[in-house]
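Read through the structure below, which is laid out as structure tokens, and then see the notes.
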């Protein structure tokens, strides 16, 4: 008689439905609690409540919360995903909303279509207030801002208003963005064919940021702006000098400048060493005045001798030069005195100027992180709702970066990209149990200990309150 084979007890024999409230996005509860903890809903209601025309419609604060959670989740880049989660009781419980209050994709589209130019300006105002909130928390000795354009590739999308050929040879949008560390603090949504220094956009965004910092944070804190050669314009320099702001801006190698730097002998240069002496640059200083300019400005020029352990021959050393008002005394618009008062006068030396321009690479990482957080292909045919969605993405991205700093830093590094945080913290399975008038989020013991989930859960409701005055 053949021996009976024993069945593996781990085998699954059947699939059945359950009425228990389950979710695969338990980490969203941390973000929902965080939004409640900073009390952003009060400011949203005050600024956008008039958009609610019918009391039967979804409250404005609920619409914003669900859109911000949708962006934070990142499961889908399509607005149709709202129809999917609107039927998911586990998702609704995770973001602390009743299932009956979940909005549909049609509701979201109508909401975004209701944004006029003035209402979109309110989104920019909210983003600037978030910036002032973080400034008051960090209280920096110097504020270093970056100004650059970012191409949003819509080459594969159907026809969109404002989608034009960009300098990266794709069809898309080209917003002008201002960064501060890991944050995007202000932006102007623009057509794809607008160049960096289009019209008065750069001057307006700089003037607005400086005015808000001086009024709501500090009238004397040093402010330095980093820009690439696309913003090399005397109008911008004169505006920043009048505002008492420092700048480090890349220059363009026109024929006369190229001839001048080629004639600089090695004996007239000094060496600047990078980290671990793996990079070595030669640098020199001179003054330059373009034909249309009314005065000379300081120039710092450098070229690579050794970069990433590669030695460059004299005939093929790549060079870079920048215009700056740092170290110019009264001609710099008062920035030198501000740096001296803050004990940071070392930032006016040539090596510090070179280092400041090299750190522009971190601004590019911010743009990459923003694209990872949101999406480049915008869903609407009309320009206005796409502009509104873009600015809501900026607000969501700012809150995402603040969340990393205030909540998830014990588990996930602050420098982590959105996908990393989503996989580690958001994609967590849990069960929501309601008992004796209480709602309890139950996660696996391993998850509770490995992610320090209870600690993150407590931190999420104890962040610094949103305030900018």
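Looking at the chain, the DSSP beta bridges with both ends there are about 85 percent antiparallel. With R₀ set to 56 Å, the beta-carbon distance separating residue 349 from residue 11 gives a calculated FRET efficiency near 0.20.
Taking every DSSP helix (H) stretch of at least 4 residues in the chain, weighting each as -39,500 (n - 2.57) and dividing the sum by the residue count yields a mean residue ellipticity at 222 nm of -11500 deg cm²/dmol. Label residue 142 and residue 164 with points 7 Å out from Cα along Cα→Cβ: what is the distance between them in nm? According to this spin-label approximation, the distance is 3.7 nm. The calculated FRET efficiency for the pair residue 19 and residue 427, based on their C-beta separation and a Förster distance of 22 Å, comes to about 0.40. Given 0.36 nm per residue, what is the gain on full extension from residue 419 to residue 256 after removing their alpha carbon distance, in nm? Net length gain for the segment: 54.0 nm. Length gained on full extension, residue 286 to residue 461: 57.6 nm, using 0.36 nm per residue less the C-alpha separation. Straightening the chain between residue 42 and residue 56 buys 3.1 nm, computed as 0.36 nm per residue apart minus the Cα-Cα spacing.
Roughly how many whole Å is it from the C-alpha centroid of region 370-396 to that of region 31-109? If we compute the Cα centre of each part, the gap is 16 Å. Taking other C-beta atoms within 10 angstrom as a stand-in for reagent exposure, 301, 173, 217 fall in the order 217, 301, 173, fewest first. Extending 7 Å from the Cα toward the beta-carbon at both residue 81 and residue 382 defines two label points whose distance is 2.5 nm.
Model label sites at residue 409 and residue 121, defined 7 Å from Cα along the beta-carbon direction, differ in position by 3.6 nm.
Read the figures in this text as sums done on the coordinates, not as results from a lab. Computed from a predicted structure; not experimentally measured. Methodologically, a virtual Cβ is constructed for each residue, glycine included, from the backbone with ideal geometry; neighbour enumeration extends over all protein chains shown.
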